[in-house]
Amino acid sequence: MNASPPHPNVLIVDDIPENLRLLSATLSQQGYEVQCAISGVLALTGAQANRPDIILLDIKMPQMDGFEVCRRLKADPTTQNIPVIFLSALDDAFDKVRAFQAGGVDYITKPFQVEEVVARVEHHLALQRARAEILSLNAELEQRVEARTQALTQLNADLQASEARFRIVANAAPVLIWMSDIEGLCQFVNQSWLAFTGRTLEQALGHGWAQAIHPADRVLCQQTYRRAFEQRQPFTLEYRLQTASQDYRWLLGTGMPLFDLEGEFTGFIGAGADIHDRKQTEEQLLHNALHDSLTDLPNRALLMERLDLALNRVCRYANRHFAVLFLDLDRFKLINDSLGHGVGDQLLIEIATRLETMTRPVDLLARLGGDEFVLLLEDIEGVQEAVHIATRILDRMRLPFAIAGRDVVITTSIGIVPSSPAYREGAELLRDADTAMYQAKNQGKARYEIFNPGMHQAALKQLQLESSLRQALKQQLFVLYYQPIVDLKTQTITGLEALVRWPHPTQGLISPDEFIPLAEETGLIVTLGLWILQEACRQTRQWQQQFNAPDLTISVNLSAKQIKEPNFLDQVDQVLASTALAGHSLTFEITESMLIEDADSAIAPGRASPKELDQPLGAVMVEARPLDAIALMDQLRARHIDLDIDDFGTGYSSLSYLRRFPIHALKIDRSFTQDLATNADIVQAIITLGHALKTTVIAEGIETQAQMTQLNQLGCDYGQGYYLGRPLPAEATERLLASLHCQQWQLLSE
């Protein structure tokens, strides 16, 4: 009974015990033998004492960093062939270049997904095994070639004694043997050659043997053969030869000059060994290195080669033009989350197939990974041709994909970069195409944008703003302004809305319209939102005690990302407990879009939402929530926290949703209030709807006495706006409350 092969040995090097435990446990479960080291010195010692099959290496470690560890491993003959995968929180391109220069085969950015680490380990171990097999095959072939060359040498000696004996031996040989005269004309081929090619001896003699060589290899064979004849030197050549079944197989051909007893050149003798399987393995490895494993499209490496070639052609020929189209699928994550990654992968394959039907043979369609594709358009007239192709792609992508028995609709956003002498590297083209693509997404998705230098400057500004935003969060540089919410009948302040402001140390007061979307995009809104909630509740409780006003309420805007946090309710409870603010004093404001998307997530499988009734699946899929939306709202109401719908009337509304959610108030968007003369009927309808749903109605954006009077006449309950009170910092708000306290916060008429 044969012993089972040993399990691959993995050495994990990381100075963080948690990472070691997580990776060790995961890889052990996958059947790997695992070694661990917490420093570079221990890693080198362990690798020499018990040679691992692969190493997972952290970069940032005390005493000796990962780069130095890798260099020493590669300098040691006993460990230089062990593949090293870097694991690091460093995401800079320079650090990745250093990693590969040090000898690493891959680079995984922390925080990592253990599934990705396992997949990468398996991939590189497979490559290592393939390399070992190739080396073994090469060694075997070399031995076979050497042995056969020795046999040919001996055969040449025997030929001097007996040509008849040579023919017997040659015909019995398992390799393809041939002989030629001093003119290069074939004089003899053995039975193996005839059986392999299916040709007769008469067809092979003279120059006939060359007809069996693959047309693409024929010129190289003739040149090599002629040079060897002229120099009277042996040669080795790989070429394809047609078989009796009319296909072609790779051969390793060798040839050696023949001399008579007087040393005169008499011709050549050669042999051919079948290396077809080895060549296929090499070609497959090369293909895998340059193509995406899911879609079989060219990958980033091949794309970068083609981009550099295109740039070189533009530099040489002024009339040559090309363009790069960067495609990113809109809301693809929702497909994966709603239908599963299997459906998502199938969708990517179908998208790749559809895009290939729209590309010319001269173009290159590549997948960068995830849901990103790049189309290199070569030999175009100008940017308008690229725009035409982008428009066709947008139109075709809107057609449904039949996946898993259902129609899935997904759109794409496209960034276009035309060729320009200003570009020197393909990476610059991809960077600007990516920037233009994000501009298309910001403009509403499912469209294209052509790159202009202003986009790059805007991206740099956005990056700088993000860095400043993170620093401001660390240093708590934000402040809250408070705007009164006024009872329109009594003109008394009943509550305040907390509005965040950012007084930048050099740029002055930055508008929330500028930094709030950035906070949403980067996820910093969760930290910022928690700070706003904590500070607003603390300040409100202070004013309640200071002015003996337990009924004073505070309204705080909620982000969709905050609601998605699994511990959101725990955070609310902690804030209320730490500030001693009662739940009935707090109101959360959410938008209509948040309400409807959360409602969609709560719909039972198999039941269509109102939006799904007239839209294909995929256009309406929403991200799964950590907590059922209705249950979340009910738990907030159980804490006596009110829920208001902000900017009502500007989004998608559904009466069925409004009735299902425990809504306290509808806040009429300021766009209706500011043009009240035109929108009076709409405002009246919203007020009537709110009262029918037993909710109060608050009008935003009141800026004149006439607007306040008309809203009061229409039955609106509360109002906000510059006429009733501008947003003020805490100190100014406190002075306002103190000045109105004697009138019980009744506003003075102007």
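The values are calculated or read from the model by the stated rules, or taken from the named source; none is laboratory data. Owing to the predicted nature of the structure, the values given are computational and were not obtained by experimental measurement. Cβ atoms come from the backbone with ideal geometry, glycine included; neighbour counts cover every protein chain shown. Accessible surface is based on the protein model in full, side chains and every heavy atom, while ligands, DNA and RNA are left aside. Shrake-Rupley method; radii C 1.70, N 1.55, O 1.52, S 1.80 Å.
At a Cα cut-off below 26 Å, give the lysines reachable from Lys564, other chains included and same-chain residues fewer than 8 away excluded. Cα-Cα hits under 26 Å: Lys110, Lys333, Lys441, Lys445, Lys474, Lys611, Lys667.
With a Förster radius of 25 Å applied to the beta-carbon distance between Thr26 and Ala289, the computed FRET efficiency rounds to 0.40. Only Cα pairs under 8 Å and 6+ residues apart enter the sum, and on that basis the relative contact order of the chain stands at 7 percent. Accessible surface of Thr353, taken over heavy atoms with a 1.4 Å probe and every protein chain present, rounds to 70 Å². Taking amide hydrogens as placed 1.01 Å from N in the peptide plane, the amide H of Ile12 sits under 5 Å from those of Gln35, Cys36, Ala37, Leu56, each at least 5 positions away in sequence or on another chain.
Averaging sequence separations of C-alpha pairs under 8 Å and six or more residues apart, then dividing by the length of region 484-600, give the relative contact order as a whole percent. Let's see the in-between values first.
Details: 122 pairs, mean separation 29.4, N = 117.
After rounding, I find 25 percent.
If I compute solvent accessible area with a 1.4 Å probe over the protein chains, what percent of it on the chain is carbon and sulfur? For the chain, the apolar C and S fraction of the accessible surface comes to 52 percent. Counting Lys and Arg as +1 and Asp and Glu as -1 over every other residue whose Cβ lies under 14 Å from the Cβ of Leu251, the net charge comes to +2. Each residue, Asp395 and Gln674, gets one label point 7 Å from its Cα in the Cβ direction; the gap between the two is 3.8 nm. Once the Cβ-Cβ distance of Lys279 and Asp337 is raised to the sixth power relative to R0 = 41 Å, the FRET efficiency obtained is 0.40.
Positive-end ranking of Leu42, Val387, Trp502 along the dipole of the chain, with charges on Cβ about the Cα centre, is headed by Leu42.
Keeping all protein chains in the complex and leaving out DNA, RNA and ligands, what accessible area do you get for Val219 with a 1.4 Å probe, in Å² to the nearest 10? My reading of the accessible area for Val219 is about 90 Å².
Taking only DSSP H segments of four or more residues, each worth -39500 (n - 2.57), what value at 222 nm results for the chain once the sum is divided by all its residues, to the nearest 500 deg cm²/dmol? If you can, show how the numbers build up before the last one.
Working: 27 runs with 357 residues, N = 750.
About -15000 deg cm²/dmol.
Think of region 233-351 as a dipole: +1 on every Lys or Arg Cβ, -1 on every Asp or Glu Cβ, centred on the Cα centre; then among Leu285, Gln233, Asn336, Asn336 lies furthest on the positive end. Quick one: net charge of Gln128's neighbours, Cβ under 11 Å, K/R +1, D/E -1? Once all neighbours under 11 Å are counted, the net charge is -1.
The spread of Cα positions in region 205-359, taken along each principal axis and listed from longest to shortest, comes to 83, 43, 22 Å.
With a Förster radius of 30 Å, plug the Cβ-Cβ distance of Val97 and Asp345 into 1/(1 + (r/R0)^6) and report the FRET value to the nearest 0.05. With R0 = 30 Å, the Cβ-Cβ based efficiency is 0.45. Placing pseudo-labels 7 Å out from each Cα toward the beta carbon at Gln713 and Thr109 gives an inter-label distance of 6.0 nm. Secondary structure note: in the chain, about 60% of the DSSP beta bridges are antiparallel. Taking a ≥ b ≥ c as the square roots of the eigenvalues of the alpha carbon gyration tensor, region 10-158 is prolate, as a/c is not under 1.5 and a/b beats b/c. Tally Lys/Arg at +1 and Asp/Glu at -1 over every other residue whose Cβ is under 11 Å from the Cβ of Asp363; what's the total? Charge balance in the 11 Å sphere: -1.
With the simple spin-label model, which puts each label point 7 Å out from Cα in the Cβ direction, the Ser420 to Gln471 separation comes to 2.9 nm. Surface exposure of the chain, expressed per residue as accessible area with a 1.4 Å probe, stands at 49 Å². Within region 485-526, all pairs of alpha-carbon atoms sorted by distance into 10 Å bins from zero give the percentages 24, 33, 23, 19, 2. Under 16 Å from a point 7 Å along the Cα-to-Cβ line of Arg131: which residues of region 67-93 have their amide N that close? Flagged as within label range: 70-86.
Across the options Cys716, Thr435, Thr704, the greatest Cα extent toward the positive end of the charge dipole of the chain (unit charges at beta carbon of Lys, Arg, Asp, Glu) belongs to Thr435. Rounded to the nearest 20, the Cβ-based charge dipole of the chain about its Cα centre (Lys and Arg +1, Asp and Glu -1) stands at 360 debye. Accessible area per residue (1.4 Å probe, heavy atoms of protein chains only) ranks Ile12, Ile168, Ile682 as Ile168, Ile682, Ile12, with the largest value leading.
Histogrammed with a bin width of 10 Å, the alpha carbon distances of region 468-568 distribute as 14, 42, 30, 14, 1 percent, first bin at zero.
How large is the Kirkwood hydrodynamic radius of the chain, in angstrom, based on all distinct alpha carbon pairs? It works out to 32.9 Å. Relative to the current alpha-carbon distance between Thr704 and Glu122, full extension at 0.36 nm per residue lengthens the span by 202.6 nm.
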